[in-house]
Each structure stands twice: as C-alpha cells, then as structure tokens.
Amino acid sequence: MGRWINHFRPNLVPPAVFLVAGLVLVAFVVVNLLRFVLRAPSVNTEVLCASISAYLMLGLMWTMAYWLVDQLTPEGAFSFNTNAGMHSMNGFNAFYFSFVTLSTVGYGDITPVSKVARMLAAMEAITGLLYMAILIARLVALYSSPKSDDS
C-alpha cells in the first residue's frame, strides 16, 4: 500500500518508510514459512511449496534491503558496469541483483560499493548457500526417515 501511495503522491510518504515496512512483513512471512518447513513431520507437496516460497521471499526481502540502502546512501551504494541508462537500485535492478546474489551467480554488472551494500551482498550469498544446504539436508532426512505403521 505504501508503495502505491508513494507512486501517486511521491512526497507524502518517504520510500524508506514503505521499504522498512515491507522488510518487516516479508521477514515475518519467511520466518513462518521456515518454521513450517523445519517442523514438518514428513515431506509432501505443501512442504516443498513452502520451501520454494521461502527462498523466493528471501530474494524479495533482500531486494527491499538493497533498495533501502540505495535510498539512504546519497553518494551511491552500487556501481553499474553496463551502458544502459538505468543506474539506480529501484525496482527491477534491485530484484535482479538480489536473485543473482542469492543464487551466487554473480554476473558482475552491478557491484556493491559502500560497506553496507557489500555486507548485505555477502550476507545474502551466504544465506543462499546455507539455505540450500540446510533445506536439502532437512528434506532428505525427512524423506528417508522410517515411517511408523502405527497410524
């Protein structure tokens, strides 16, 4: 809602307000999805969908974090190594950089420059690696555990 208010009335709500609110909301959803996945007694379609959703929501959470850092850093937190005209982390650029970093592909066309941006990028890359390792280990353990015949 804050994003739409900012779109139609740009001076009414600063972008930092809706970005922080969005970060809190997405973090809440990610925590609840992860809680569901990690507490699941067995692997089923719901658990797989929840784990995929949590991964995608993590990417959206980092998208908003990069956008917020770009808004709060006046000298520029990111360097763009492309000839395209867009040189801000608004919208798709933040989304693109977030998912390239989360998946640890790292094309290098957008580079974090400020200390905060570098720290966020490193944390996201580590999160992406650990998420996959822990999630796969958990799902394999659930799938391969012996099923009880008491039901």
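The values are calculated or read from the model by the stated rules, or taken from the named source; none is laboratory data. Everything numeric here is computed off the predicted structure, so don't read it as measured data. Cβ coordinates were reconstructed from backbone atoms using ideal geometry, including for glycine residues, and neighbour counts include every protein chain displayed. These area figures cover heavy atoms from the full protein model, side chains too; ligands, DNA and RNA do not enter into them. Shrake-Rupley method; radii C 1.70, N 1.55, O 1.52, S 1.80 Å.
State yes or no: is residue 125 in a helix (DSSP H, G or I), more than 19 Å from residue 76 (Cβ to Cβ) and under 14 Å from the mean Cα position of the chain (by Cα)? Please lay out each step first, then the result.
On the way: in a helix (DSSP H, G or I): yes; more than 19 Å from residue 76 (Cβ to Cβ): yes; under 14 Å from the mean Cα position of the chain (by Cα): yes.
The answer is yes for residue 125.
How many residues are under 13 Å from residue 132 (Cα atoms) and touching a residue at least 24 places away in the same chain (Cβ under 8 Å) if we restrict to region 39-58?
So the count comes out to 5.
State which residue is modelled with the highest pLDDT when the search covers only region 71-116 and only residues that are within 14 Å of residue 22 (Cβ to Cβ) and open to solvent by less than 50 Å² (accessible area, probe 1.4 Å).
At the first step, the residues of region 71-116 found to be within 14 Å of residue 22 (Cβ to Cβ) are 71, 90-91, 94-95, 98.
Then keep just the ones that are open to solvent by less than 50 Å² (accessible area, probe 1.4 Å); that gives 91, 94, 98.
Working: 91: 81, 94: 90, 98: 94.
My answer is 98.
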